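The values are calculated or read from the model by the stated rules, or taken from the named source; none is laboratory data. The structure displayed is predicted, hence computed values, not measured ones. Glycine also receives a Cβ, built like all others from the backbone with ideal geometry; neighbour counts cover every protein chain displayed. The accessibility values were calculated without ligands, DNA or RNA, using every heavy atom of the protein model including side chains. Shrake-Rupley method; radii C 1.70, N 1.55, O 1.52, S 1.80 Å.
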Amino acid sequence: QVELVESGGGLVQPVGPLSLSCAASGSGFRFHAMGWHRQAPGNQREWVASITSGGFTSYADSVKGRFAISRDNAKNTLYLQMNSLKPEDTAVYYCWVGYPPSWGQGTQVTISS
């Protein structure tokens, strides 16, 4: 059974920064892509960023240049470094692994002054 646990969310002022972590239980994660989605109130869940098993990263246009995804395979942990945060980044952030994806429970990120 795959279990993903996000942490690091909270309330932060515009600009930020804020860093999220996603700890994965089990083994074999190094062979799978991992990533982040987010869901704002009233909106559908949207893709934010992903990283392949080989470390290739990709980002949604809305976060490109501001967010950085990384992974530590030895720790089975995924990260999302968020900079230059905007109020529109407010959402519940979910990490996932593999396809079809296994999801974490989400962590709330609120950007407000």
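Observations on the model:
- Once all protein chains are placed together, residue 90 keeps about 30 Å² accessible to a 1.4 angstrom probe.
- Residue 19 accessible area, assembled protein chains, probe 1.4 Å, Å²: 50
- Mean sequence separation of contacting Cα pairs (under 8 Å, at least six apart), scaled by the length of the range 1-100, corresponds to a relative contact order of 35 percent.
- Solvent-accessible surface of the chain, averaged per residue with a 1.4 angstrom probe and all protein chains in place: 53 square angstrom.
- Sorted largest first by accessible area at a 1.4 angstrom probe radius, with every protein chain in place, the residues 32, 37 fall in the order 32, 37.
- Largest accessible area first, the listed residues 2, 109 line up as 2, 109 when surface is computed with a 1.4 Å probe on the assembled protein chains.
- Simple rule: put +1 on each Lys or Arg Cβ and -1 on each Asp or Glu Cβ in the range 17-89, find the dipole, and look at 19, 29, 83; the Cα lying farthest toward the positive end is 29.
- Label separation (residue 45 vs residue 66): 2.2 nm, computed from points 7 Å beyond Cα along the C-beta direction.
- For residue 57 and residue 112, the difference between the fully extended length at 0.36 nm per residue and the C-alpha to C-alpha distance is 17.0 nm.
- Segment residue 81..residue 31, full-extension length gain: 15.8 nm, with 0.36 nm per residue of separation and the alpha-carbon distance subtracted.
- Coupling constants for the range 34-49 follow from the phi torsions by the Karplus curve (6.51 cos²θ - 1.76 cosθ + 1.60, θ = phi - 60°), and in residue order they are 9, x, 10, 10, 8, 9, 8, x, x, 10, 6, 5, 10, 5, 10, 6 Hz; glycine and proline get x.
- Of the accessible area of the chain, computed with a 1.4 Å probe over protein heavy atoms only, carbon and sulfur atoms account for 51 percent.
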